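Some notes on the structure that comes next.
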Amino acid sequence: MGVLNVTPDSFSDAGQYFDPQRAVERARAMVAEGAAIIDIGGESTRPAAAPVALEEELRRVVPVVRAVARDSDVIVSVDTSRPEVIEQVVAEGAAMINDVRALRSRGALAALARTGAAACLMHMKGEPATMQQSIQFGDVVAEVRAMLAERLAACQEGGIAAERLCVDPGFGFGKLTQHNLELLRNLGELLDLDRPLLVGLSRKSLLKTLTGRDNGDRLAGSIALATAAVLNGAVIVRAHDVAATVDAVRVAAALRN
């Protein structure tokens, strides 16, 4: 899954693809590098990020979704929590919603059910603006698993078949380094949810702690995390550096299989 942030304040690319034409060109490049999914986001969810207005999120993502969906056969995903955005982007060709709030926002679950699209349900404590404050877990793996199980059940009760869903433990979302490492080490314990596991570890601040590297110099660390995730059961890897990550995932998947 290639990351395409069409925001001016993303932690990873500093607004490089805020211009729609540049965003579409980047999507084409990631497809050429081997991305099976392009994940388009119009609102930053980095720690301490401020929300954007609905109209602004739509203005950012809809033209890019339309162009990328028309341009290739790649799966188009949109990183959003808003029901209005869910319905509009699916109408424009998106086939998947990647929701950091796991369809807990008012109206989001019902909107997704109406569209027929797939969705990724992610674990997050709190909201992006506050999620890295007062972090506490008893057993992080058990708590993440329980929350994802509850959201899967809620979706199925709301008319969304399990086959439309995958889950993400939410690395870096309301978690400290020790929690992220514990989750990665025990990722296989989430496999009994019987849903594909998606992970997003690319360029995360975890790598600043582990390697001391700044954001622009975290490729090697990101590859190491992606490899570990696939060996422990992940089947979708969300990444900024697509070509290198595709190679690593292929090697790790061959070892796992």
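The values are calculated or read from the model by the stated rules, or taken from the named source; none is laboratory data. Remember, predicted model here, so these are calculated numbers, not experimental data. Glycine gets a Cβ as well: all are built from the backbone with ideal geometry, and neighbour counts include every protein chain shown.
For the criterion of being under 15 Å from Ala35 (Cβ atoms) and either surrounded by fewer than 24 Cβ atoms within 10 Å (Cβ to Cβ) or within 19 Å of the chain's Cα centre (by Cα) (or both), Ile75 passes.
Considering (1) in contact (Cβ under 8 Å) with a residue 24 or more places away in the chain; (2) farther than 23 Å from Asp39 by Cα, the lone condition that Ala153 does not fulfil carries the number (1). For region 157-183, name all the residues that are part of a loop (DSSP other than H, G, I, E, B), under 16 Å from the mean Cα position of the chain (by Cα) and modelled with pLDDT of 95 or more. Residues satisfying the conditions are Pro169, Gly170, Phe171. Restricting attention to region 114-141, the residues that are aliphatic (A, V, I, L, M) and in contact with a helix residue (DSSP H, G or I) (Cβ under 8 Å, 6 or more places away or on another chain) total 7.
Scanning region 214-227 for residues that are free of Cβ contacts under 8 Å to residues at least 24 places away in the same chain, within 22 Å of Asp247 (Cα to Cα) and either among the aliphatic types (A, V, I, L, M) or not in a helix (DSSP H, G or I) (or both) returns Arg218, Ala220, Ala224. If we keep just the residues of region 85-113 that are assigned to a strand (DSSP E or B) and without any contact (Cβ under 8 Å) to a residue 24 or more places away in the chain, which is surrounded by the fewest Cβ atoms within 10 Å (Cβ to Cβ)? Across region 85-113, the extreme among qualifying residues is Asp99.
Of the residues that sit in region 237-257 and are of a type in the set (Lys, Arg) and in a helix (DSSP H, G or I), which one is modelled with the highest pLDDT?
So in region 237-257, the residues of a type in the set (Lys, Arg) come out as 238, 250, 256.
Checking the rest, the ones that are also in a helix (DSSP H, G or I) come to 250, 256.
Working: Arg250: 97, Arg256: 92.
This residue is Arg250.
Restricting the search to region 114-150, which residues are more than 18 Å from Leu181 (Cα to Cα) and assigned to a helix (DSSP H, G or I)? Correct list: Arg114, Thr115, Ala146, Met147, Leu148, Ala149, Glu150. Considering only residues that are aliphatic (A, V, I, L, M), in contact with a Gly (Cβ under 6 Å, 6 or more places away or on another chain) and touching a residue at least 40 places away in the same chain (Cβ under 8 Å), which ones fall in region 50-80? Hit for region 50-80 is Val61, nothing else.
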